[in-house]
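Participant: Pasting a structure below so you can have a look.
Read-outs: derived from the displayed coordinates by stated rules, not from any lab. If you're wondering where the values come from, they're calculated on a predicted model, not measured in any experiment. Here the Cβ positions follow ideal geometry from the backbone for every residue, glycine too, while neighbour counts run over all protein chains shown.
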Amino acid sequence: MTAQCYWIARKGSALQGTLAIPGDKSISHRAVMFAALADGTSHIDGFLEGEDTRATATIFSQMGVRIETPSASQRIVHGVGVDGLKPPPRELDCGNAGTGMRLLAGLLAAQPFDSTLIGDASLSKRPMRRVTAPLAQMGAKIDTRADGTPPLHIHGGQPLQGIDYELPVASAQVKSAVLLAGLYAHGETCVVEPHPTRDYSERMLRAFGVEIEFSPGKARLRGGQRLRAADISVPADFSSAAFFIVAASIIPGSEVRLGSVGLNPRRTGLLTALRLMGADIREENHAEQGGEQVADLVVRYAPLHGAEIPEAVVPDMIDEFPALFVAAAAASGKTVVRGAAELRVKESDRLAAMATGLRSLGLRVDETEDGATIHGGPLGSGTIESHGDHRISMAFAIAGQLSTGEVRINDVANVATSFPGFDTLSVGAGFGLSVRS
């Protein structure tokens, strides 16, 4: 899809069938990073073939790591060890990947060479002080724009010291950046969170042989450790599955099966929220894959009712709020969300974008500083500005399935960053969705 592309979403049919959801984006980023730093050759299966994750793989190739692609969704990574990266010949382009940029900031802060991280227009507006500040406490030297946004100019050759760091705002990306820097730091590094966040980095570091202690809200490791090559099987991405979980829940007559979806407990707050609202979601075939819990999700249509979303589950569903807002729009009564201020600094101000979009389709949404009250009701036709945010685009593709007319969604090119083939998969499942330019 080009930047000029837009979608027209309209009522389709009930969703049916078994849907293959792409690999988890967060795990794919980490798998290629840690494999690159490991001693030996690692095999990754289920790698997300998205623009964000490919950008991360390209960055390591530019730093001397040989990465083979024997087939789609597979990577063979010939690790160079924690001390084997080479100075890149040019700026390192993270594309739209906030995960890639923030984790790389921690990793590159410890290298003996200088580097510069850049991103697309959306990523270049996102705040980076939350990651550069703790890294500076460890001894890193990273320059940003005056307002703390990218590009990040990272000065190499800085000796790092382990720290005890209490995150002011819960963020798995910041936690991971500090832990990666901690691998190279003298002494121990400990990160404490105000609320537990997803622990992908901790689980995967352990899979690569790193001794790391972690529990909900806390992680600790000592510097100077090496990584051992590992074979990683990436589960299906829960955030991508979320759009079909919601769609099947609200489109009458729907029943879908989503296979081997990652169910990291720090990621699945949406399931708690939807079940509070009356959703019919079953988990089958529980297993472990790449150190992560996975299961098939069977989702059937069920009439939803509004609910007050517990603040305790908010950190475990921060990427799923656009989909939740659409579920709330389809529910009877009102749904109240609080404690979600983090949504204002994602790829777009997601609170404002979702509230504005739902209002344009005829819904009442009362926006607050850290959340919103969504009053469920019928959805009309209208034009949605996605602000280049892939999750906003996909959320309103679902909303269009309940619209009395057509919903035009502008600026959908960035969907390819996280969910390549979303439009093809959704149309095959029953969506009324067409790509225009």
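Participant: Spin-label point model (7 Å from Cα, Cβ direction): what's the GLU68 to ALA133 distance in nm?
Facilitator: According to this spin-label approximation, the distance is 4.6 nm.
Participant: Hey, got the Cα dimensions of segment 164-210 along the principal axes, in Å, largest first?
Facilitator: Principal extents (largest minus smallest coordinate, Cα): 28, 22, 12 Å.
Participant: Now for a different question. Mind checking the alpha-carbon convex hull of segment 163-260 and giving the volume per residue in Å³?
Facilitator: 106
Participant: Lys and Arg at +1, Asp and Glu at -1: add these up for the other residues within a Cβ distance under 13 Å of THR56 and post the number.
Facilitator: Net charge in that neighbourhood comes out at +1.
Participant: Separation between the GLU211 and VAL435 pseudo-spin-labels, each 7 Å from Cα along Cα→Cβ, expressed in nm?
Facilitator: 5.1
Participant: Once fully extended, how much extra length lies between GLU166 and THR41, figured as 0.36 nm per residue of separation less the alpha-carbon to alpha-carbon distance?
Facilitator: Full extension of this stretch gives 41.5 nm more.
Participant: Looking at segment 394-435, I'd like the Rg to Rh ratio, where Rg is from alpha-carbon atoms and Rh is Kirkwood's inverse mean 1/r.
Facilitator: 0.94
Participant: Using 0.36 nm per residue, how much length does the chain from LYS11 to GLU188 gain when fully extended, once their Cα-Cα distance is taken away?
Facilitator: 58.2 nm
Participant: On a 0 to 90° scale, report how tilted helix 321-330 is relative to the longest principal axis of the chain, with both axes built from alpha carbons and the result rounded to the nearest 10.
Facilitator: 10
Participant: Exposure proxy check: ILE384, ILE163 ranked by fewest other beta carbons within 10 Å?
Facilitator: Ranking ILE384, ILE163 by Cβ neighbours within 10 Å, fewest first, gives ILE163, ILE384.
Participant: So, one more: Return the loop-located GluC sites (Glu not before Pro) in segment 368-437 (DSSP other than H, G, I, E, B) with at most 14 other Cβ atoms within 10 Å of their own Cβ; answer none if there are none.
Facilitator: GLU369
Participant: I want the local charge near ARG282. Using Cβ-Cβ distances under 9 Å, sum +1 for each Lys or Arg and -1 for each Asp or Glu among the other residues.
Facilitator: Net of charged neighbours comes to -3.
Participant: Between TYR165 and residues 5 or more places away or on another chain, which pairs have amide H atoms under 5 Å apart, with H built 1.01 Å from N, and which residues are they?
Facilitator: For TYR165, whose amide H was placed from the backbone, the distant partners under 5 Å are CYS190, VAL191, VAL192.
Participant: Net charge around VAL65, counting only other residues with Cβ within less than 12 Å of its Cβ (Lys, Arg = +1; Asp, Glu = -1)?
Facilitator: Counting the neighbours of VAL65, the net charge comes to +2.
Participant: Take the Cα gyration tensor of the chain, multiply each eigenvalue by 5, square-root it, and list the three semi-axes largest first, rounded to whole angstrom.
Facilitator: Listed largest to smallest, the semi-axes of the chain are 36, 22, 21 Å.
Participant: So if each residue of separation counts as 0.36 nm, and I subtract the Cα-Cα distance between ILE76 and GLU288, what length gain in nm does that give?
Facilitator: The ILE76-GLU288 span can extend by a further 74.2 nm.
Participant: Another one. Which value, in Å³ per residue, describes the convex hull spanned by the Cα atoms of segment 223-272?
Facilitator: 94
Participant: Charges on Cβ only, +1 for Lys and Arg, -1 for Asp and Glu, centred on the Cα centroid of segment 121-165; of PRO150, MET138, GLN161, which one is farthest towards the dipole's positive end?
Facilitator: PRO150
Participant: Tell me which trypsin sites (Lys or Arg not before Pro) from segment 75-138 have a DSSP coil assignment and no more than 11 other beta carbons within 10 Å of their own.
Facilitator: When the trypsin sites (Lys or Arg not before Pro) of segment 75-138 are filtered for loop state and at most 11 Cβ neighbours within 10 Å, ARG90 remain.
Participant: Two-decimal Rg/Rh of segment 4-72 from alpha-carbon positions, Kirkwood Rh?
Facilitator: The Rg/Rh ratio comes out at 1.14.
Participant: Go through segment 183-239 and name the trypsin sites (Lys or Arg not before Pro) that are in a DSSP coil and have 16 or fewer other Cβ atoms within 10 Å of their Cβ.
Facilitator: Those satisfying the criteria are ARG226.
Participant: Given points 7 Å out from each Cα along the Cα-Cβ axis, report the SER124 to GLU91 separation in nanometres with one decimal.
Facilitator: Simple spin-label model gives 0.7 nm for this pair.
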